[in-house]
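Asker: Pasting a structure here, questions to come.
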Amino acid sequence: MENIISIEHIARIYQVGLEEVHALADVSLKINRNDYVAIMGPSGSGKSTLMNIIGCLDTPSRGIYMFENENVSQMNDNQLAEIRNRKIGFVFQTFNLLPRSTALHNVELPLIYAGLPKSVRLERAYEALEKVGLADRVDHKPNELSGGQRQRVAIARALVTQPSIILADEPTGNLDSKTGNDIMALFEELHETGNTIILVTHEEEIAQHAQRIIRLRDGLIESNEIVKERTLVGNNE
Amino acid sequence: MNKKVSSLLFEIKEGLIISLRAIAANKGRSALTTLGIVIGIWAVVTMSTALKGIDIAFQNGVSSLGSDNLYIDKWAWFNPDTPWWELRNRRNISMDDYYRYKELAKLPIATAPSTFTRKTVKFRDNIVESMFITATTSDYIKTTNLDFSDGRFFTDMESKGGRNVIVLGSAIAEQLFPFGGAVGNYVDVGGRKMKVVGVLQKQGSWVMGDFNPDNQGYIPIEFLFKNFASRRKSITINVRAPNSQMVEAVKEEAIGVMRRVRGLTYNEKNDFSINQQEGILSQINKTVSVIQIGGFFITGLSLFVGAIGIMNIMFVSVKERTREIGIRKAIGAKKRTILGQFISEASIICLFGGLIGLVFAVITGMIINQWLPTSIQFDAVVLAILISLATGIISGFAPAYQASKLDPVDALRYE
């Protein structure tokens, strides 16, 4: 299987006053195309730090991070911005949509930064919104949408650039369980259509949707195991 | 290369669209921010228009005296090289001096003696207190550019005979004869009845004050000597050169002739001064430039305050939109994209404000035009637009730079 992410012995050290804080001590992992991986851990385990590094929002203090055979750990801010734009689709717990823009514009935004002409942008943004079932809500602003719908807009925005990975940080954290379930079903569908998904969560139930769970504790990988009995929303229905 | 240019253009275009969206999304705040620039540009353009008007008014005022004129006088009007007591001790310039100068000088096209007095003038219930009166001869009119709205100047006969005739400036005529019909009526000038023979056309230059022909009366100098003043009073000799190139020659000749007239030996200094409008003009230019510097400083300050307002609000805006910046960065906005977005936001706001300010300034200019001969200059318009753009870029830069430097991880976490 084609390898997308290869992380070798990375560490992330923060300087807090005179003290060095090892948010990540020594982490190595690999993620292949069409994987569905959950990253779990209690708060303070380094889960968020790892997610930021995987998402190219931050770079490791030590070690090597290869993303599709490119060494991300050596990149400058602009190159990282480009990787984030083209290869990573973010889904956040708090949705992080531009509050005063319509759903369509929110979804279109990454394509603007990618430098695509307007006609292509609009076509792809519509397509992405259609895929998440919001074709009839394109002109609504986030405050006119329910939590589940907002998260769908965010997912459409993540999908629209056809990224190599979708990085979801507690995507159901702000949703009720029914809506959360719908979102997990959407992720499942995306996974089945070939997308690579990395799910960061502290909820065991949510993590069970993934194929594999990586557990972190104190900046180290505690375990990295295949899920034997995956929860499949699609099968439950 | 071509691709680079087109992608840069794309980025600028999309950046502007994003900025416009952001401005539209924060209408209230954008409008308030604009206000500072509106007032700033309004003040600057109005001030420059008014200053231009003052300048033109001064120039007009001076040239209404005639730009090719010399004034031979006991006194030096401006920047005297000689101390005042020496000037005071000079012999008065008499009418005889004038007649002899007139006889000997070949270059001037016109010469006239003049002196001044102040008298209260009445017509029925209308009174002008201590009106400025120029006493002169009939030749005086040839040394000026004055025109008549009614009547004429006094004639040679009236002049020599010292007849009781008077010519009124337009403002004086309006005060004494609000309903017109001045010519032919008798007015009371310091207790003497004088017949109005002419009314001057309005000059409209308020700058010259008493010297403004609008506010004067003109009487024969012989009448003055008979009724109001001693014949020994020193007079000014008004001399008009044929054209401006000849002014210097006329001046040289005047010095020579006057030395002869006054009987000065080669080692005696001139006991008269040749005054020129250039003296007035340079004095006026000094005054105008002081007003200009002061005016631009004060209005510049208001623009500066506006710019600080923009910077301040942009800083607040960056702070308030930290999360938005985080989102934009997370989905691929580069540093320069964010930088450009905030700078163009500030610039658009400033440009918009500048245009509104300009509209106000045009309206104000039209109002000012009632008192000052002025209109908004095209270069002032271009300058105002450039200044407002520059203000936007300068005041937007620091906040935009701050925004572009934000760490996306921190920015996304910002509540």
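Asker: Within the range B:357-368, identify whether any single residue is at pLDDT 90 or above and at positive phi, and answer yes or no.
Answerer: no
Asker: From the list B:K202, B:K233, pick out the single residue that is touching a Phe, Trp or Tyr at 6+ places or on another chain (Cβ under 8 Å), in a loop (DSSP other than H, G, I, E, B) and not aromatic (F, W, Y).
Answerer: When all the criteria are applied, what remains is B:K233.
Asker: Another question about this same structure. Name the residue, out of B:L372, B:L355, B:L339, that is touching a residue at least 40 places away in the same chain (Cβ under 8 Å), under 47 Å from the mean Cα position of the chain (by Cα) and more than 13 Å from chain A (Cβ to nearest Cβ).
Answerer: So the residue among B:L372, B:L355, B:L339 that is touching a residue at least 40 places away in the same chain (Cβ under 8 Å), under 47 Å from the mean Cα position of the chain (by Cα) and more than 13 Å from chain A (Cβ to nearest Cβ) is B:L372.
Asker: Something else now. Filter the range A:13-28 for residues that are open to solvent by 10 Å² or more (accessible area, probe 1.4 Å) and of a type in the set (A, V, I, L, M) and give the result.
Answerer: Passing the criteria: A:I13, A:V16, A:L18, A:V21, A:A23, A:A25.
Asker: Got a sec? Which of B:K102, B:K52, B:K106, B:K74 is away from chain A (no Cβ under 14 Å), open to solvent by 30 Å² or more (accessible area, probe 1.4 Å) and touching a strand residue (DSSP E or B) at 6+ places or on another chain (Cβ under 8 Å)?
Answerer: B:K102
Asker: Does B:R323 fit the bill of being touching a Leu at 6+ places or on another chain (Cβ under 9 Å), assigned to a helix (DSSP H, G or I) and surrounded by fewer than 22 Cβ atoms within 10 Å (Cβ to Cβ)?
Answerer: yes
Asker: Considering only the range B:260-281, how many residues are assigned to a helix (DSSP H, G or I), farther than 26 Å from B:Y218 by Cβ and open to solvent by 50 Å² or more (accessible area, probe 1.4 Å)?
Answerer: Final tally of qualifying residues: 1.
Asker: Restrict the check to the range A:142-156 and report whether at least one residue is within 12 Å of another protein chain (Cβ to nearest Cβ), polar (S, T, N, Q), over 23 Å from A:I197 (Cα atoms) and touching a residue at least 12 places away in the same chain (Cβ under 8 Å).
Answerer: Within the range A:142-156, not a single residue is within 12 Å of another protein chain (Cβ to nearest Cβ), polar (S, T, N, Q), over 23 Å from A:I197 (Cα atoms) and touching a residue at least 12 places away in the same chain (Cβ under 8 Å).
Asker: Also, quick follow-up: Take the residues of the range A:84-109 that are facing chain B (nearest Cβ under 8 Å) and within 12 Å of the chain's Cα centre (by Cα): which is farthest from A:E144 (Cα to Cα)?
Answerer: Applying the filter and picking the extreme gives A:R84.
Asker: Report yes if B:F211 is open to solvent by less than 60 Å² (accessible area, probe 1.4 Å), in contact (Cβ under 8 Å) with a residue 60 or more places away in the chain and closer than 30 Å to B:Y140 by Cα, otherwise no.
Answerer: no
Asker: In addition: Kindly list, by first and then second residue, each pair from a residue in the range A:112-124 that is more than 9 Å from chain B (Cβ to nearest Cβ) and of a type in the set (K, R) to a residue that is assigned to a helix (DSSP H, G or I) and open to solvent by 50 Å² or more (accessible area, probe 1.4 Å), limited to pairs with Cβ atoms under 9 Å and residues at least 6 apart or on different chains.
Answerer: From the range A:112-124, no pairs qualify.
Asker: Go through the range A:50-96 and count every residue that is out of contact with any strand residue (DSSP E or B) (no Cβ under 8 Å at 6 or more places or on another chain) and at positive phi.
Answerer: Here the count works out to 2.
Asker: Same structure again: Run A:D136 past the list (1) within 14 Å of chain B (Cβ to nearest Cβ); (2) open to solvent by 40 Å² or more (accessible area, probe 1.4 Å) and report the number of the one that doesn't hold.
Answerer: (1) is the only condition that A:D136 fails.
Asker: Now for a separate question. Taking the conditions exactly as written (in a loop (DSSP other than H, G, I, E, B), within 14 Å of another protein chain (Cβ to nearest Cβ), under 30 Å from A:P163 (Cα atoms) and not hydrophobic (A, V, I, L, M, F, W, C)), does B:G332 satisfy them or not?
Answerer: Here the answer is yes, as B:G332 does meet what is asked.
Asker: What is the residue count in the range A:62-113 for residues that are part of a helix (DSSP H, G or I), touching a helix residue (DSSP H, G or I) at 6+ places or on another chain (Cβ under 9 Å), open to solvent by 20 Å² or more (accessible area, probe 1.4 Å) and basic (K, R)?
Answerer: Adding up the residues that qualify gives 1.
The values are calculated or read from the model by the stated rules, or taken from the named source; none is laboratory data. Quick caveat, the model's predicted, so the values are computed rather than measured. As a convention, Cβ positions derive from the backbone with ideal geometry for all residues, glycine included, and neighbour counts pool all protein chains shown. The area values use the complete protein model at the heavy-atom level, side chains included, leaving out ligands, DNA and RNA. Shrake-Rupley method; radii C 1.70, N 1.55, O 1.52, S 1.80 Å.
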